[in-house]
1. Determine the pairs where a residue that is modelled with pLDDT of 80 or more and in a loop (DSSP other than H, G, I, E, B), located within the range 6-20, has a partner that is surrounded by fewer than 10 Cβ atoms within 10 Å (Cβ to Cβ) and of a type in the set (Val, Ile, Thr) with Cβ atoms under 6 Å apart, the partner being 6 or more residues away or on another chain.
2. Hey, can you tell me all the residues within the range 52-83 that are over 20 Å from Pro35 (Cβ atoms), polar (S, T, N, Q) and in contact (Cβ under 8 Å) with a residue 12 or more places away in the chain?
3. Can you list residue pairs whose Cβ atoms sit under 8 Å apart, with the first residue in the range 28-40 being more than 10 Å from Arg85 (Cβ to Cβ) and the second being loosely packed, with under 11 Cβ neighbours inside 10 Å and modelled with pLDDT under 90? Count only pairs 6 or more apart in sequence or on different chains.
Amino acid sequence: MPKSQVRKKKVYTPPTDVRPTTTATSRKPSPVWLPVTAVALIVAGIGWLVVYYLSEQQYPVMSWGYWNLAVGFGAMVASLVLLSRWR
């Protein structure tokens, strides 16, 4: 029986118009303040909510009522936005 012809596979090279313009080595690292600020916002948000619940809704700001929850969760969401920029 005759042997089939052996084919060599070509190495794939993506088209130049599809290649990303920036490489991983050309990206700048995040500034030091970014993760520090994000962690501080997480701690402040959790602290705000804990004080609000433990003080039976008297503190941090009594006149805000349930908006104190928005402040606590807003701080934690802001930290997530910052952490999404961290490299």
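1. If the second residue must be surrounded by fewer than 10 Cβ atoms within 10 Å (Cβ to Cβ) and of a type in the set (Val, Ile, Thr), no pairs are left.
2. Within the range 52-83, Asn68 is the sole residue that qualifies.
3. Lys28/Arg87; Pro29/Arg87
The values are calculated or read from the model by the stated rules, or taken from the named source; none is laboratory data. Since we're looking at a predicted model, the values are computed, not measured. In this analysis, Cβ positions are derived from the backbone assuming ideal geometry, glycine residues included, and neighbour counts consider all displayed protein chains.
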